[in-house]
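Read-outs throughout are calculated quantities, based only on the coordinates presented, and are distinct from any laboratory measurement. Because the structure is a prediction, the values reported are computed rather than measured. Positions of Cβ are backbone-derived with ideal geometry, glycine not excepted, and every protein chain shown enters the neighbour counts.
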Amino acid sequence: GLPIGSSRNNLKAAVAGETHEYTDMYPGMAKQARAEGFDEIADWFETLAKAERSHANRYQKALDALVD
């Protein structure tokens with residue numbers, strides 16, 4: 001496997017990944033599900049996007065709290 005990086009770099013990567021999921025991935029999946037008539041599934045994707053936003057915010061707070 002890949003070596004583990006510094007806490008700062010790991011948190012930055014985590015924030016970026018979670019941000020992608022709540023801004024692009026899950027909203028896109030929800031839009032597609034609605035277009036295909038799967039409203040309940042779209043609702044779940046939207047719920048997942050909210051969870052990912054919460055994760056990104058928590059990781060960002062941890063990143064902001066790191067002392068150099």
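Note on the stretch 13-42: among residues that are over 22 Å from Asn57 (Cα atoms) and not small (Gly, Ala, Ser), the one that is surrounded by the fewest Cβ atoms within 10 Å (Cβ to Cβ) is Glu40.
In summary, helices (runs of 4 or more DSSP H) completely within the chain and bearing 3 or more residues that are within 9 Å of the chain's Cα centre (by Cα) occur at 7-20, 39-65.
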